[in-house]
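Taken together, the values in this text are just the output of simple stated rules run on the coordinates, not laboratory data. Just so you know, these numbers come straight off a predicted model, no measurement behind them. Methodologically, a virtual Cβ is constructed for each residue, glycine included, from the backbone with ideal geometry; neighbour enumeration extends over all protein chains shown.
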Amino acid sequence: MGFFSTIKRIFSGGMAAGETTCGAQNEKSAPRRPETEAGNAPSNADAELTLRLRGAEPRLSAWLAVILEGVETPGELLNTRLFFLLRALDAPEKEAQTFVREFGQWLERMEYRRVEEFRSELQYRLALALDMEDEEDERNRLFLKISQGLARTREHLTRRLDALFTDHGELDEAFWENMEELFITADMGYETALALVERLKTAARREGATQPADVRDMLRREVEGVFAAPRRISAVNPPEVVLMVGVNGVGKTTTIGKLAHRASLRGGKVMIAAADTFRAAAIEQLGIWAERAGALFHAGPAGTEPAAVAYAAVEAAMREGVDVLFVDTAGRLQTKINLMEELTKIRQVLGKKHPGAPHRTILVIDATTGQNALSQTKLFKEAAGVDELILTKLDGTAKGGIAIAVGMEHSLPISFVGLGEKLEDLRPFSGADYAAALLGEARGRNETKTPEGR
Ligand SMILES: Nc1nc2c(ncn2[C@@H]2O[C@H](COP(=O)(O)OP(=O)(O)OP(=O)(O)O)[C@@H](O)[C@H]2O)c(=O)[nH]1
Ligand SMILES: [Mg+2]
């Protein structure tokens, strides 16, 4: 992250001795003022742009606002400005060119015509390409995204929590009972709600709390604590094999597309394999996602045995020097025993071809399904050895409590949450941000750690 701090200092004017600058003011020590894409000498307009960048707050969103000023549609102006920004942020020329070209191609495919349609995707891609995702700016944006995604939940749960904290004068039985009831209706389920209230009661006693308002902070800490994921060894012998499982229609295929997109923006060689072989349309859908994400694609003819496709995919991934292989599987009800056994078989062949694979088995859960998510988690855990969860469609539920229920009951980390249907609508999950968003607080606190971590 040293790179980013340097950039921050450069743009905010605080230069260290011997550092170069791309600012126009510092002409003598500024050998690297970004050239235009055509390689022309910097024009007055470029100098002015540099000055405005330097005058802006040192954050990606602020720089992007400067760069996009007066740009309304995709085209030459946008390309030139983007190239300028990347070069000003020290991206090598070739990488800057590739970024601009690929972004242009993506805009064309998506048929986006106005900046507002793709501004957030652009910022997301820049943050990943420049390795700035952990920076404050991105964290704010992530928090905002989660808050927006949880908008309906907030209306439902947060308002009622607010009322609970203000309506009750003291921490009496009625207060705790109301809280329990509120948790149950927020999809936490009876047992989780009971357990959470018990934890809060204990904390209140321990800390000598007497006012309902004191419990708010305890609740935030408890919810954060539910998601405190243990650190894991992430180094694997490539290819890292990621197996996606879950019931029908939860968003496995879409999520693979989003994950592959992230992985390739981070510079990895990515392959997607279609071990969902029941429907030709499913294979086709996955192929489209692979193309969008810039990933290689491996599939067999429809009707091929899923385990055989998985085996051949690992073989191909090893041969091609792939870094991450995502294996998509067909949706299946957790109660269908023979289909669950098929997952066991897929796992076995993956491990046979590539010891240690699958390195991550991700269970995708639709946040709108409510309590059924608990039985899904239980049965998939038994049949497929789930390592982590991805919760999709959080944007579509008013009862975000299911995340807490699954987290408390199964102690599985939630690595990402789906907050919409677009490529960028998959964000690393942070328990702290989730708790803050749920409680209607201004913003998250702790660092986000994703299992991806790279
Ligand atoms: N709003 C919203 N929709 C989502 C999200 N993730 C996926 N979807 C939508 O959910 C629908 C099903 O997604 P798929 O990715 O096909 O689900 P799947 O699990 O692969 O389905 P099967 O392969 O049939 O089991 C699609 O319309 C997606 O666009 C999300 O985070 N938010
Ligand atoms: Mg699918």
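Quote the FRET efficiency, to the nearest 0.05, computed for residue 163 versus residue 195 with a Förster distance R0 of 25 Å and r equal to the Cβ-Cβ distance.
Given R0 = 25 Å and the Cβ-Cβ separation, E is 0.65.
Please report the net charge: other residues with Cβ closer than 11 Å to the Cβ of residue 370, K and R +1, D and E -1.
Local charge sum for residue 370: -1.
Please identify every one of the trypsin sites (Lys or Arg not before Pro) in region 216-300 that sits in a loop by DSSP and has no more than 15 other beta carbons within 10 Å of its own beta carbon.
Those satisfying the criteria are 231, 232, 279.
Under a crude label model (7 Å from the Cα following the beta-carbon direction), how far is residue 73 from residue 318 in nanometres?
Between residue 73 and residue 318, the simple spin-label model gives 5.2 nm.
Within region 33-132, report the trypsin sites (Lys or Arg not before Pro) that DSSP leaves as loop and that have at most 13 other Cβ atoms within 10 Å.
In loop regions of region 33-132 (DSSP not H, G, I, E or B), the sparsely surrounded trypsin sites (Lys or Arg not before Pro) are 113, 114.
For residue 411 and residue 173, what is the calculated FRET efficiency with R₀ set at 30 Å and r taken between the beta-carbons, to the nearest 0.05?
E(calc), rounded to 0.05, equals 0.50.
Any chance you could run the full-extension gain for residue 333 through residue 113? It's 0.36 nm times the residue separation minus the Cα-Cα distance, nm to one decimal.
75.1 nm
Give the Rg (one decimal place) followed by the Dmax (whole number) of region 151-226, computed from C-alpha coordinates and expressed in Å.
Radius of gyration, then largest Cα-Cα span, for region 151-226: 11.6, 34 Å.
Determine the sum of side-chain charges near residue 210: Lys and Arg each +1, Asp and Glu each -1, restricted to other residues whose C-beta is under 15 angstrom from that of residue 210.
Neighbourhood net charge equals -2.
Give me 391, 379 ranked fewest to most by other Cβ atoms within 10 Å of their Cβ, as a rough exposure proxy.
Listed from fewest to most nearby Cβ atoms, that is 379, 391.
Arrange the following residues from fewest to most other Cβ atoms within 10 Å of their Cβ: 390, 184, 256.
184, 390, 256
Neighbouring Cβ atoms within 10 Å as the yardstick, rank 392, 368, 50 fewest first.
The fewest-first ordering by Cβ neighbours comes to 368, 50, 392.
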